[in-house]
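Input: a single structure, listed below in structure tokens.
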């Protein structure tokens, strides 16, 4: 299958160019806001608190995502040219760095509102996968983060990746870390759960799905395979999420008992 040639610029308004990648982030925050309005009414959140949380969360995603990418995946290049950190439309966002940024935002929001950390994270976790799904679609439009060479019927020839068809691993991630994880968390959180259980399930689910997709995704060239001839940086960063998520769920249910 040939990659559908998509202009990375969605809309040009004079000198202003709106890129699909940035637009996907805006759509992600918009969907989280809409779903958050529904959840806020059911969780007794005061007017304006959701918008404040999303503002801090957006800062955490962007700053943490870019700094995390620089630290985990491309430190040397970003040290040579720090202005690259501002070019989010070119891709280069680390989920794990963004997660750290969001956790800091949760802590700050909790200090301002008096809400507990896990009260905040359990509230927002079921909505996050929608933003992740749209971000991965943005990766596909950018023609980046493609998968390994494959002969599956839907394998795609990506520009810049050579003549051989590859797994569209961005779409696998959109389906697993995005749509499927959203359904799991939304259904699971529809009933009262122990504090921190929803957050733990998010960490566990994302970590497992990302770990699986890494088997068909090309590792970052500056690292390659780090251990055993197959373990990637993405998988290494997911292991603490899997272990921590499972531990949080066990702790949450034992604490309730």
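The values are calculated or read from the model by the stated rules, or taken from the named source; none is laboratory data. Since the model is a prediction, treat every value here as computed from it, not as a measurement. Glycine also receives a Cβ, built like all others from the backbone with ideal geometry; neighbour counts cover every protein chain displayed.
Does residue 21 qualify as being within 17 Å of residue 144 (Cβ to Cβ), out of contact with any helix residue (DSSP H, G or I) (no Cβ under 6 Å at 6 or more places or on another chain) and touching a residue at least 40 places away in the same chain (Cβ under 8 Å)? Give the steps one after another, and end with the answer.
Values: within 17 Å of residue 144 (Cβ to Cβ): yes; out of contact with any helix residue (DSSP H, G or I) (no Cβ under 6 Å at 6 or more places or on another chain): no; touching a residue at least 40 places away in the same chain (Cβ under 8 Å): yes.
In short, no.
Please verify whether residue 198 is at pLDDT 95 or above and surrounded by 22 or more Cβ atoms within 10 Å (Cβ to Cβ), treating the condition exactly as stated. Talk me through it step by step, then tell me what you get.
Values: at pLDDT 95 or above: yes; surrounded by 22 or more Cβ atoms within 10 Å (Cβ to Cβ): yes.
When the stated conditions are applied, residue 198 passes them.
I want to confirm something. Restricting to the stretch 83-112 and keeping residues that are in a helix (DSSP H, G or I) and at pLDDT below 70, which single residue is farthest from the chain's Cα centre (by Cα)?
Applying the first criterion (in a helix (DSSP H, G or I)) to the stretch 83-112 yields 83-86, 88-90, 95-112.
Filter once more, keeping what is at pLDDT below 70: 83-86, 88-90.
On the way: 83: 23, 84: 20, 85: 18, 86: 18, 88: 14, 89: 16, 90: 16 Å.
Only one residue tops the list, namely 83.
So which residues in the stretch 161-194 are under 23 Å from residue 247 (Cα atoms), crowded, with 19+ Cβ neighbours inside 10 Å and in contact (Cβ under 8 Å) with a residue 40 or more places away in the chain?
177, 178, 181, 182, 185, 189, listed by residue number.
Mind listing whichever residues of the stretch 177-219 are touching a helix residue (DSSP H, G or I) at 6+ places or on another chain (Cβ under 6 Å) and outside any helix (DSSP H, G or I)?
Within the stretch 177-219, 189, 194, 195, 196, 214, 216, 217 meet the criteria.
Tell me which residues, restricted to the stretch 226-257, are under 22 Å from residue 177 (Cα atoms), in a loop (DSSP other than H, G, I, E, B) and modelled with pLDDT under 85.
230
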